[in-house]
Amino acid sequence: MTYLARRLWQFVPTLLGVVLLVFFLFNWVGGDPAYLLAGKIANPELIENIRRSLGVDQPYWVQLWIFIKQVLSADFGASWSTNERVSQIFATRLGPSLTVLVPLLLISTFIALAAAMLVAYYRGSLTDRAIMVGCTVGQSVSILVYILVLQYFLAYQLGWFPVQGWGATLGENLLRYAALPVLVGVVVSLAPDIRLYRSFFLDEIGQDYVRTARAKGLGEGRVLWVHVLRNAAIPVLTNVMTQIPGLLAGAFLIERFFSIPGIGREVILAVERSDFPVIKAVTVYVAVATMVINLAADLLYRALDPRVQLK
């Protein structure tokens, strides 16, 4: 409980730092939003009316207090470009994002675990070296290249998937529209995951309990798939959990190119429109989600690893 209370208390200065950084960037670096919304041809009266309606004519300390209240209430007002409530935007865009990201995360994790176990089993062999070289090459290719190549050949040329779009039902989206975006995400994430999980497995293979299990006559397959996998699953699970906020915010290219009405695509549109309330909300939401998930991952790690005690 002491550890949990200490970590929760650390949320306060971290979140305050995020709020101050976001406020500074949007008020001193981002420029006056009234000029962006008024357009190139605007008279001073129109600009002043826009500034008054947005509240940016207030002193900075008043604007900061308004922003802090928005963060505490999770209510960031309305979008400047569509006048839709920011909370409603995220509520309607979260479903499509999760429709892609949940299958992507599950499939890539299972494939990466199996491949990492394989190369760990054949460590030092030609198979191991070939897969590691392939992973290094795969990591050096931009996600944009994967999107364009797979979209062109699998969707446009072969017609196996829709080039882009989104359906009305969950089943249609999972089986038809989300299939190719999930495939792209899996291909992109496999290389770094295999390399990372391989290192986890190799660390466990060198432990004393593995040598003891082999000395007892257990087969190599049982040692790897039962003992090694069980212990290596702890850092793997921690890594998967810490990937979730980044995946949710970082899928903007996939959502944009495949016209998926998710959070990532909404972020791109907000940046293009200079829609500051949406961008501020995304920044704060991702920061909070990262802190919460990191805390959950640490608690889970401490609960599963007998060598670590909660203090």
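The values are calculated or read from the model by the stated rules, or taken from the named source; none is laboratory data. This one's a predicted model, so the numbers in the text were calculated from it and none came from an experiment. Glycine also receives a Cβ, built like all others from the backbone with ideal geometry; neighbour counts cover every protein chain displayed. All accessible areas refer to the heavy atoms of the entire protein, side chains included, with ligands and DNA or RNA removed. Shrake-Rupley method; radii C 1.70, N 1.55, O 1.52, S 1.80 Å.
Normalised size of the range 91-139, defined as Cα radius of gyration per 2.2 N^0.38 Å with N residues, equals 1.60. Axis angle, to the nearest 10 degrees, between helix 86-121 and the longest C-alpha principal axis of the chain: 20 degrees. The range 198-218 and the range 135-175 have their alpha-carbon centroids 39 Å apart. Shown is the FRET efficiency for residue 25 and residue 142, computed with R0 = 25 Å from the Cβ-Cβ distance and rounded to the nearest 0.05: 0.40. Once both labels are positioned 7 Å from their Cα atoms along Cα-to-Cβ, the gap between residue 172 and residue 289 label points is 2.6 nm. Please compute the Kirkwood hydrodynamic radius over the chain, one decimal place, Å, based on all pairs of different Cα atoms. After inverting the pairwise mean of 1/r, the radius is 22.7 Å. Amide H to amide H, with H built 1.01 Å from N, residue 85 comes under 5 Å of 79, counting only residues 5 or more places away or on other chains.
Leaving out ligands, DNA and RNA, what percent of the accessible area of the chain is carbon and sulfur, probe 1.4 Å?
Carbon and sulfur together cover 66 percent of it.
Stokes-Einstein diffusion for the range 138-202 at 20 °C, viscosity 1.002 mPa s, with a Kirkwood radius from C-alpha pairs, works out to 163 µm²/s. Considering the chain as a Gaussian network with a 10 Å cut-off on Cα pairs, which listed residue, 146, 197, 209, attains the greatest mean-square fluctuation? Of the options given, 209 has the highest mean-square fluctuation.
Calculate, for residue 157 and residue 110, the FRET efficiency according to 1/(1 + (r/R0)^6) with r their C-beta to C-beta distance and R0 25 Å; round to the nearest 0.05. Here the calculated transfer efficiency is 0.30.
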